[in-house]
Amino acid sequence: MARIREKEELESWSNSSVTKDSSISLLKLITILIIFVVGVVIGLSSSSHIDRYFALRTQQFSLNNGAIDTTQQIVVNCEKEDCLSMKSFIRPRNLCHSMTDDELFWRASLVPQKEEFPFSRVPRVAFMFLTRGPLPMLPLWERFFKGQNNAKFSIYVHALPGFELNVTSTSVFYRRQIPSQHVKWGSVSLVDAEKRLLANALLDFSNERFILLSESCIPIYNFLTVYKYLTGSTHSFVEAYDDPSRYGRGRYSRHMLPDIKLADWRKGSQWFELNRALAVKIVADTKYYTLFKKYCRPSCYPDEHFIPTYLQLFFGSLNANRTVTYVDWSLGGPHPATFMAGNITESFMQSIRKNGTLCSYNSGNTPICHLFARKFDPSALQPLLNLTSKVMGY
């Protein structure tokens with residue numbers, strides 16, 4: 001009996017152990033499942049945070065580098081919509097640029113070989129002002145241009161570096177200054193400034209005629225008369241004559257031989273008018289300009305000799321050999337007469353406009369010899385404004 005009871009107790013303990021082990025295994029399984037589920041939830045949550053983190057960092061990086069992205073976009077737009085556009089090529093909208101003179105002259109000397117224009121071209125007159133500073137006759141010029149078709153004219157101002165022309169945004173002179181350099185009277189720097197004005201004006205393919213003016217110049221006829229006279233001419237207007245005195249031939253240097261002979265040496269007024277073909281030739285020249293730069297000094301005044309001599313050498317038949325800007329040299333000396341307020345009368349202005357002489361024009365003659373005049377003192381402005389409508393027609 002004792003053995004039977006011991007056996008029963010052993011079996012009972014064994015069954016209890018199996019039941020206990022099964023319970024423990026089930027508990028472990030449930031625990032593992034819980035841990036797995038919790039791990040999955042934590043993993044998904046962490047992944048979401050990480051995604052948001054990297055998305056936020058990417059956004060912050062884009063914002064921090066926005067200036068770079070914007071610049072790149074501007075460059076792309078410029079190349080696509082502006083820099084390579086026909087409109088920008090044939091007429092630059094902004095006169096400000098960073099080109100050196102050599103780069104500018106090279107760019108301006110480019111000439112299309114195709115005769116037809118792929119755009120509607122209206123011949124334009126370029127009014128080029130070479131000034132030290134303010135334009136005292138500005139109100140007179142504003143009246144001259146008022147109401148005119150701006151497709152027929154353009155304006156360029158070369159002033160001393162650092163000077164800014166103070167005009168309103170409605171003025172035709174607004175933002176018409178070109179990059180400039182210092183100019184010294186009587187030196188080759190004057191020729192540099194003239195070439196700089198020509199070159200900047202040549203960048204506009206519609207500019208056909210180029211007139212050099214100073215701050216003391218005024219128009220003595222209305223715009224339509226000036227425009228028709230210049231665009232209708234088959235010649236350019238550059239004064240070029242042989243002066244046998246020490247103020248002419250006396251300035252010649254034999255170091256210019258054999259390219260420039262004394263017989264080719266010419267003198268003339270600085271205030272020229274050129275057509276486009278001759279303007280390109282002058283800007284493109286290096287050889288003869290270099291001779292003047294080296295040997296036309298001191299007291300040689302290259303601005304009075306370079307263009308007249310250059311045209312005499314190669315393009316004399318294309319030049320009318322006279323200027324369209326009136327200047328009074330009757331007083332003698334190195335500078336012309338200056339007209340003050342007291343000089344400005346109706347009869348005086350009429351005498352400048354038509355003095356009874358005839359000048360050659362194309363194949364005939366014309367009583368209109370001059371379109372502009374200088375040298376007018378600022379005090380003459382108001383008397384001139386009083387006569388514009390009655391005498392000058394504007």
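The values are calculated or read from the model by the stated rules, or taken from the named source; none is laboratory data. These numbers were taken from a predicted model, which means no experiment stands behind them. Please note: Cβ atoms are built from the backbone with ideal geometry, for glycine as well, and neighbour counts cover all protein chains shown.
Just a few scattered comments:
- Of the criteria (1) at pLDDT below 95; (2) out of contact with any helix residue (DSSP H, G or I) (no Cβ under 9 Å at 6 or more places or on another chain), which one ASN386 fails: (1)
- Contact map, the stretch 249-263: first residue over 11 Å from THR309 (Cβ atoms), second residue assigned to a loop (DSSP other than H, G, I, E, B) and of a type outside the set (A, V, I, L, M), Cβ cut-off under 8 Å, separation 6 or more or different chains; pairs are ARG249/ASP242; ARG249/ASP243; ARG249/TRP265; SER253/CYS296; SER253/CYS300.
- Qualifying residue in the stretch 167-177 (condition: out of contact with any Gly (no Cβ under 9 Å at 6 or more places or on another chain) and within 24 Å of ASP285 (Cβ to Cβ)): no
- Selection status of VAL280, within 26 Å of the chain's Cα centre (by Cα), closer than 29 Å to GLU208 by Cβ and among the aliphatic types (A, V, I, L, M): yes
- Cross-chain or 6+ apart pairs with Cβ under 9 Å, the stretch 179-196 first and over 18 Å from HIS97 (Cβ atoms) and without any contact (Cβ under 8 Å) to a residue 12 or more places away in the chain, then assigned to a loop (DSSP other than H, G, I, E, B) and among the aromatic types (Phe, Trp, Tyr): TRP185/TYR301
- One residue alone among PHE145, PHE153, PHE117 is over 21 Å from GLY393 (Cβ atoms) and not basic (Lys, Arg), and that residue is PHE117.
- Scanning the stretch 338-363 for residues that are farther than 21 Å from THR388 by Cα and either within 34 Å of the chain's Cα centre (by Cα) or charged (D, E, K, R) (or both) yields TYR361, ASN362.
- The set of residues in the stretch 171-194 that are basic (Lys, Arg) and under 11 Å from HIS158 (Cα atoms) contains only ARG176.
- Counted as qualifying within the stretch 280-394 are the helices (runs of 4 or more DSSP H) with 2 or more residues that are charged (D, E, K, R) and surrounded by fewer than 18 Cβ atoms within 10 Å (Cβ to Cβ), namely 287-295.
- Cβ-Cβ under 9 Å pairs, at least 6 apart or on other chains, the stretch 333-355 side farther than 16 Å from PRO383 by Cα, far side modelled with pLDDT of 95 or more and among the β-branched types (Val, Ile, Thr): PRO336/VAL327; ALA337/VAL327; ARG353/ILE220; ARG353/ILE368; ARG353/VAL391; LYS354/ILE368
- Of all positions in the stretch 214-235, none carries a residue that is closer than 22 Å to ARG276 by Cα, hydrophobic (A, V, I, L, M, F, W, C) and within 14 Å of the chain's Cα centre (by Cα).
- Breaking point among (1) in contact with a strand residue (DSSP E or B) (Cβ under 8 Å, 6 or more places away or on another chain); (2) within 22 Å of SER189 (Cα to Cα), for ASN319: (2)
- Hits in the stretch 356-380 - residues which are closer than 28 Å to THR131 by Cβ and free of Cβ contacts under 8 Å to residues at least 60 places away in the same chain: CYS359, CYS369, SER379, ALA380
Each row is one residue, and each column tells you yes or no for (1) surrounded by fewer than 21 Cβ atoms within 10 Å (Cβ to Cβ); (2) more than 18 Å from the chain's Cα centre (by Cα); (3) of a type in the set (Gly, Ala, Ser).
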site	(1), (2), (3)
PHE145	yes, yes, no
GLN148	yes, yes, no
GLN181	yes, no, no
ARG196	no, no, no
ALA201	no, no, yes
